[in-house]
Structures are given as C-alpha cells and as structure tokens.
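Before any comments, here is the structure.
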2 protein chains.
Amino acid sequence: MDRLEALLGPRQELLHEIQALPIRWDRERFLFWLKQDYPFVEALYRYLVGLLSEAPQAHRPPLVHALLATVEELDWLLSQGASPGDPVHPVRRAYIALLEEMGGLPYPYRLVLFYFLNRLFLEAWNAHVQGEGPWQELSEHWSAPEFQAVLFDLEVLAQGLLSQLDPSLLQGYLLRILEMEKATWSLLL
Amino acid sequence: MDRLEALLGPRQELLHEIQALPIRWDRERFLFWLKQDYPFVEALYRYLVGLLSEAPQAHRPPLVHALLATVEELDWLLSQGASPGDPVHPVRRAYIALLEEMGGLPYPYRLVLFYFLNRLFLEAWNAHVQGEGPWQELSEHWSAPEFQAVLFDLEVLAQGLLSQLDPSLLQGYLLRILEMEKATWSLLL
C-alpha cells in the first residue's frame, strides 16, 4: 500500500515517539484511563454513522462491521464501569473536537482519515498494552481475523480514494491525529 | 407482547387479506419482482442509519445487526442482477415515499414502526414464498436464529416505548404500511 505509506511518511517519526513513550504500567490506572475513553468512542460512533449515511454500497460492509465493533466496545466499557455522564478530560475533549471537525470534511477524506485513525491507534496500543487484564478482551477483539479483515478492507477503500484527494490536507489531519494520540497516551506517563 | 398485538388489532384483517392474495407463483416473475425491490431496501438502509444516529446505546446492537442484514440483502440483490439505476415502479416509489415520511417522525415512533415493518413483511413473505429458488438464501437468512434474535430484541424495545406514544398515530401508519404491502404483493397477481 505505497501511497498510504508515502502519505504517512514524515509523520512516522511521531508515531515512533508515541510508541516509545515510557508510560508507567499500572493495571488500575490503565483501566481507569480506558474507561474514560467512553465519550471518545461515542464520538467515533457518531463519526461512523455519518460515514454510513453517505457510503456507497461497496463501502458499507466494512463500515457496518466497524460500527458493530464500536457498539460492542461501548458495551464493554460500560460493563467495566464507564459512566457516560462523567466530566470529560480536556485531552479527550480536544480529540473529540478534532473528530467532530473531521466529520465536516467531504466523504472521501473522512473515510481515509477513519482508516488512519484506527491504524495509528492500534499501532500505539500494540506497542504499549501487554500483560493480562480485562482489556485483553479488547486486544483479542482487534487482533481477531474478522476485525483484521475490516481493517484490510478499509485500507483497500482508502487506497482507492487517495488519488482524488489533496495530500497536504490529509497530512495536516494526520499530524493532528498523532498529536492527539500522543497527548492521550501521555496521560499514562 | 399484548400491547403491540392490541395496536395491530383491527389491522390484522388486512394482513390476512395480504396473506390470502392469490398470487401467481412463477419463479422468473418473482425474482424480477424481488430485484425491483432494490430501491426500497436502499430506502430502508437510509431509514436505519437515521435511527442509528439517534439510538441510545441499549438500542444499537439490534439496529446495527438489522443494518448489516440490509447491506447483505442489497449485495444479494445486486448479485442477482438488480440495477440500482433502473426506473422505479410507482408502487415501490409510493412505499419509499411513505418510508421517507416516517423518517421525519420522532425516534420512538420510527423505532416501533421499523419493528412492525419487518414483522408485517415477514408474515406476508412466509405466507407466499415457498419452494426452491435463489430467494431461499433470503428466507434462510431471515429465519436464522441470529435474525430472529434481532427481531425479538426490536420487539422488546418497541414494547418498552409504546406507553409514551399516541396509538392512533401509530395505527394510521400501520394501516398505510399494510396498504403498501398489499399493493406490492398485488404486483404478483
């Protein structure tokens, strides 16, 4: 997937920085941080519903599967004690605001950025999250062949749209996504 | 599910009329009729995305599964040769217009009517469609335990909302849905 890689190119460094953050690994603290993710996953749900309202038929299967994964993740967070009404941390609030801003972009941009959002988050997750704990369910969910297939399909769709898009606009948002990921993971320093 | 039955009460007769329509069973004609259903299923997809944009978390799992079923049905219709660009039969167009009108109702009405729409269609389908043919895949899909579970969940959600709603408004729409079902099945007379 050359074009997608090229787009990410200079921003790879920031991803490596995130992956190398010396976070302090503590089960309870990590679970608390994860539960606080509820409003962000809710914003991701709304972003996906927005995508589905414009998606052509060929794009819908992976997007509906991604929506299902989001709904299941919200249920999982609730089962772990997340409280939807809790005040939202400013760092999460800023990431939600970015997502809402991206929700106003034309459909092809939103789809490509949704692909990157998933990919970059999972690359950071895989670098930081190991060991046993209730979050293993999430890790297993994301590494399951079904979800990997969804990501692969999204990658193919994103690849197909890329030639019509302005790379500098995309790169601007990629940078901001990575900055938000860095700020979010840095809550665990 | 007493309240839902009571709501349907006087309209059961029209359902029985639909179920007793002496349709002329012909494989090719039926498949043609089914393929012409594409724009209606597309409208149902949009109706569902509208529901999902307002659904509370507890309502989302069955609605996302219903959305997935709709996307798979569209794929199936395409695989059978449905052409999304074809002119739409006036009877189907009227049903789509009803769906779009219903899409403007408050969320609880839309959810209850979505439940009935599925139920009434399937009751008509089960009365009319037998025998072998490519549509068996659809029949098997709808009678599979997973889809029956979705319908059951929708029934429970609908039941829970009913006490807040105006029964005469719902009954007006139920009558119109049944009239549309009758007109649609009558294309096969």
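B:W33 fulfils the conditions (1) hydrophobic (A, V, I, L, M, F, W, C); (2) in a helix (DSSP H, G or I); (3) open to solvent by 20 Å² or more (accessible area, probe 1.4 Å) except for a single criterion, (3). Within region B:68-83, the set of residues being among the aliphatic types (A, V, I, L, M) and either away from chain A (no Cβ under 14 Å) or closer than 23 Å to B:L178 by Cβ (or both) comprises B:A69 only.
Can you spot a residue in region B:110-131 that is at pLDDT below 85 and of a type in the set (G, A, S)? Checked region B:110-131: at least one residue is at pLDDT below 85 and of a type in the set (G, A, S). Residue count for region A:123-141 satisfying the condition of being open to solvent by 20 Å² or more (accessible area, probe 1.4 Å) and either assigned to a helix (DSSP H, G or I) or closer than 20 Å to A:G9 by Cβ (or both): 8. In the set (1) among the acidic types (D, E); (2) open to solvent by less than 30 Å² (accessible area, probe 1.4 Å); (3) assigned to a loop (DSSP other than H, G, I, E, B), A:E181 fails one condition alone, (3).
Take A:E54 and tell me if it is open to solvent by 10 Å² or more (accessible area, probe 1.4 Å), within 16 Å of the chain's Cα centre (by Cα), within 14 Å of chain B (Cβ to nearest Cβ) and acidic (D, E). Here the answer is no, as A:E54 does not meet what is asked. In a residue-by-residue description of region B:110-119, the property of being within 27 Å of B:A58 (Cα to Cα) and hydroxyl-bearing (S, T, Y) applies to at least one position. Residues that are charged (D, E, K, R) and closer than 30 Å to B:R29 by Cβ within region B:42-89 comprise B:E42, B:R46, B:E72, B:E73, B:D75, B:D86, listed in sequence order.
Of everything in region B:150-165 that's touching a residue at least 12 places away in the same chain (Cβ under 8 Å) and of a type in the set (A, V, I, L, M), which residue is farthest from B:Y109 (Cα to Cα)? Steps first, please.
From region B:150-165, those touching a residue at least 12 places away in the same chain (Cβ under 8 Å) are B:150-151, B:153-155, B:157-159, B:161-165; that's our starting set.
Those left that are additionally of a type in the set (A, V, I, L, M): B:150-151, B:154, B:157-158, B:161-162, B:165.
Values: B:V150: 18, B:L151: 17, B:L154: 13, B:L157: 11, B:A158: 9, B:L161: 8, B:L162: 9, B:L165: 7 Å.
That would be B:V150.
Selection of region A:45-56 for residues being aliphatic (A, V, I, L, M) and free of Cβ contacts under 8 Å to residues at least 60 places away in the same chain yields A:V49, A:L52, A:A55.
As for region A:10-21, it holds no residue that is within 10 Å of chain B (Cβ to nearest Cβ) and touching a residue at least 12 places away in the same chain (Cβ under 8 Å). Exactly one residue out of A:E28, A:E42, A:E17 is among the acidic types (D, E) and open to solvent by less than 70 Å² (accessible area, probe 1.4 Å), and it is A:E42. When B:S163 is tested against the conditions (1) surrounded by 13 or more Cβ atoms within 10 Å (Cβ to Cβ); (2) in contact with a Lys or Arg (Cβ under 8 Å, 6 or more places away or on another chain), the lone failure is (1).
Report yes if some residue within region B:84-106 is assigned to a loop (DSSP other than H, G, I, E, B), within 14 Å of another protein chain (Cβ to nearest Cβ) and touching a residue at least 24 places away in the same chain (Cβ under 8 Å); otherwise report no. Yes; the residues of region B:84-106 include at least one that is assigned to a loop (DSSP other than H, G, I, E, B), within 14 Å of another protein chain (Cβ to nearest Cβ) and touching a residue at least 24 places away in the same chain (Cβ under 8 Å). Looking across region A:50-83, the residues that are touching a Phe, Trp or Tyr at 6+ places or on another chain (Cβ under 6 Å) and not in a helix (DSSP H, G or I) come down to A:E54, A:A82.
The values are calculated or read from the model by the stated rules, or taken from the named source; none is laboratory data. Keep in mind that this is a model prediction, so the values were computed, not measured. Cβ sites come from the backbone with ideal geometry, for glycine too, and all protein chains shown count toward neighbours. We work out accessible area using only protein heavy atoms, side chains counted, and drop any ligands, DNA or RNA first. Shrake-Rupley method; radii C 1.70, N 1.55, O 1.52, S 1.80 Å.
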